[in-house]
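Just so it is clear, none of the values below were taken in a lab; they were calculated from the coordinates. As the structure is a computational prediction, the values presented were derived from the model and not from experiment. Cβ placement follows ideal geometry from the backbone for every residue including glycine, while neighbour counts extend to all protein chains displayed.
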Amino acid sequence: MDNPSLLQSMLDSFASINGSKILIHGGGKIANVLMKQLGIEPKMVDGRRITDEKTLEIVTQVYAGLINKGLVSQLQSRKCNAIGLTGADANTIPAVKRPVKEVDYGFVGDIDTSLINAKTIQGLIELGLVPVFAPLTHDSKGSMLNTNADTISSSLAIAMAKFYRVKLIYCFEKNGVLSNPDDESSVIEKITENAFADYKAQGVIHSGMIPKLDNAYAALKAGVSEIVICGPGAFSTTDFISGTSIQL
């Protein structure tokens, strides 16, 4: 999201995909920049953001406004008829505020996949629209909730698997999951759940990649057909050129 050339490459690839599709975006780095400009230090635990009231205001502005509408306009320029949404819109993704356990994450939403209004989202798709979701849900009590984009991605993939064969693509700035973060050629071609545990123990996989993979395995177990983690130019209308295949 914070690299204009990579973003353009990803949007080109996404717009070229034939058939039904949904885009879920993040934007945490952009939110962090704005927070620091306002004198607020971002707080993270295991790749997940601590969201107090002020942080919630900022991420709502950045995610639902600046980034979401920017992506929609970019996709429209590519003849991709996008519609920007949060989980509050049309009550598509209700959530509950995460209970306080070892960590108080603040205004962070946890999703019950069975409560996602998949039929509404399917209706938008059947109208020829391409939903573009910001990483925000709502608590049905009047509050927005910050929700990890990878969690929303896997939850939507599971919900839409009722209607479609779903391929979940996690796209980020690297070519895939790397065994050496400084070596772009060190892509791990396949990661099983057992291998994931080993990589975590060795410190090869850490930080924000952990929730991404946690969500990937949850999706595979719930009926999503295929999951790949790849770079912005690594997928096309037919198949993947490179990346990391996530398998049970």
Open item on the list: Restricting to bridges with both residues inside the chain, how much of the DSSP beta-bridge set is antiparallel, in percent to the nearest 5?
Closed with: 40
Open item on the list: Could you give the length gained by full extension between H206 and V103, i.e. 0.36 nm per residue of separation minus their alpha carbon distance, to one decimal place?
Closed with: 35.3 nm
- [ ] Report the dimensions of region 1-86 along its three principal axes from the alpha-carbon atoms, largest first, rounded to Å.
- [x] 41, 23, 23
TODO: For the chain, list log₁₀ I(q)/I(0) at each q in 0.17 Å⁻¹, using the Debye formula over Cα point scatterers of equal strength and ignoring solvent, two decimals each.
DONE: -1.50
Task: Proximal charge balance of V96 [Cβ under 13 Å; K/R count +1, D/E count -1] - done: 0
Task: Positive minus negative residues near L178 (Lys, Arg vs Asp, Glu; Cβ under 15 Å) - done: -1
Open item on the list: Cut-off 13 Å, label point 7 angstrom out along Cα-to-Cβ of K69: give me the residues of region 83-121 whose amide nitrogen falls inside.
Closed with: 84-85
Open item on the list: With the crude spin-label approximation of a point 7 Å out along Cα→Cβ, what separation in nm comes out for A197 versus V45?
Closed with: 2.4
Open item on the list: Only sites in a loop by DSSP and with at most 16 other Cβ atoms within 10 Å count here; which chymotrypsin sites (Phe, Trp or Tyr not before Pro) in region 148-199 make the cut?
Closed with: F163, Y164
Open item on the list: With a cap of 10 neighbouring Cβ atoms within 10 Å, and only residues DSSP puts in a loop, list the trypsin sites (Lys or Arg not before Pro) found in region 35-137.
Closed with: K79, K101
- [ ] With r as the distance between the Cβ atoms of E53 and K119 and R0 = 25 Å, compute the FRET efficiency 1/(1 + (r/R0)^6) and round to 0.05.
- [x] 0.15
Open item on the list: Counting only GluC sites (Glu not before Pro) that sit in a DSSP loop (anything but H, G, I, E, B) with at most 14 other Cβ atoms within 10 Å, what is the longest stretch of the chain containing none of them?
Closed with: 1-101
